[in-house]
Amino acid sequence: MTSSSRPRIVAIGECMAELSPAGPPATYRQGFAGDSFNTAWYLARCGKALDVAYASAIGEDRLSQELRRFIRESGVDDRLLRTISGGTLGLYLVSLDQGERSFTYWRGQSAARRLAEDADALRAGLAGADLIYFSGITLAILSPQDRAILLDAVAVAGRAGARVAFDPNLRPALWDSPEEMTETVMQAAGLADLALPSFEDEARWFGDASPAATRARYLTTGACQIVVKNGADPILWQDGTATGETAVAAIAEPVDTTAAGDSLNAGVLASLATGGSLEAGIALGCRFAAHVVRHRGALVPLPDGV
């Protein structure tokens, strides 16, 4: 536990500039989002019980400084944002089709691709964390050398007592090959206490025949807690020797499914970080996600009582 007595959660990854549909055709709203940052943002919405930090890298340009200000104003600690000379933010555009989203990316000059270059700074940033969260996308944007640095820093923090949570978030377009993606994801999963895979992706890229097969595979990595997300179908989970399913509330007409899984992850992490159960965290995360998919964009204010 940190000296402030609040559990400290450090999320690692890339926050990008987001252009999302704003209503009229060809009209977009600019915001900021990214899978691991979305989870950090929703964690910060859980009140003052948590100390949430985001570890990444940004440029020196105006857009990067706007992101730093946004992160700080969101209640997320920005001190683990490295500034990279000549870098900027990645950009993505959201396209919607009956609530389902697809993305177009521009991220070649993203400073976040260099977030792990300074091994000593990364280790220092993770030191003292109670919980560390990262994803397959976090790994995918890094060079092989920097991936190794990140995984080593996470392993060191884990041995020092941090709980490690990992969402595979399989995005083959970011990797040189599917084989590189699956091998690296399983290597990262070997550091995790909590794995948060999505069955649809796992079935496609690992050949899992069922959510139970996905759960069983991540058990072999050493994770003691597993949450297998499956869209609108029940979530399959394991907590030590206990197993179960949690139903997902039906949403008749989702507006935008962006960040549904990221917000669900936040509920799980918030519960675990504050001494709650995995099952209670899944229920909280489902409430977050059910609210988020009824609105446009990745970051949706949560009303009281969600």
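The values are calculated or read from the model by the stated rules, or taken from the named source; none is laboratory data. The shown structure was predicted, so the numbers you read here are calculated from the model rather than taken from an experiment. Using ideal geometry, Cβ is built from the backbone for each residue, glycine included, and neighbour counts are taken over all protein chains shown.
Some points to look at:
- Region 173-196 residues that are aromatic (Phe, Trp, Tyr), paired with ones that are crowded, with 21+ Cβ neighbours inside 10 Å (beta carbon under 8 Å, 6 or more apart): Trp175/Ala140; Trp175/Met181
- Candidate set from region 285-306 (those that are among the small types (Gly, Ala, Ser) and within 17 Å of the chain's Cα centre (by Cα)); member that is modelled with the lowest pLDDT: Gly297
- Condition check for Gly86: of a type outside the set (Val, Ile, Thr) and either surrounded by 22 or more Cβ atoms within 10 Å (Cβ to Cβ) or assigned to a strand (DSSP E or B) (or both): no
- Qualifying position, being among the hydrophobic types (A, V, I, L, M, F, W, C), over 16 Å from the mean Cα position of the chain (by Cα) and surrounded by fewer than 21 Cβ atoms within 10 Å (Cβ to Cβ), among Ala129, Ala22: Ala22
- Residue selected from region 175-209 under the condition of a type in the set (A, V, I, L, M) and part of a loop (DSSP other than H, G, I, E, B), by the criterion surrounded by the most Cβ atoms within 10 Å (Cβ to Cβ): Leu196
- Pair list, Cβ under 6 Å, 6 or more apart: region 269-285 residue in contact (Cβ under 8 Å) with a residue 60 or more places away in the chain, other residue part of a helix (DSSP H, G or I) and of a type outside the set (Gly, Ala, Ser): Ala270/Leu43
- Gly276 among the small types (Gly, Ala, Ser) and surrounded by fewer than 23 Cβ atoms within 10 Å (Cβ to Cβ): yes
- Flag for Ile282 being more than 21 Å from Phe37 (Cβ to Cβ) and under 19 Å from the mean Cα position of the chain (by Cα): yes
- Taking strands (runs of 3 or more DSSP E) as the structural unit, those lying wholly within region 225-272 and holding at least 2 residues that are closer than 23 Å to Ser36 by Cβ correspond to 225-228, 235-239.
- For region 37-51, the criterion of a residue being modelled with pLDDT of 95 or more and among the small types (Gly, Ala, Ser) is satisfied by at least one position.
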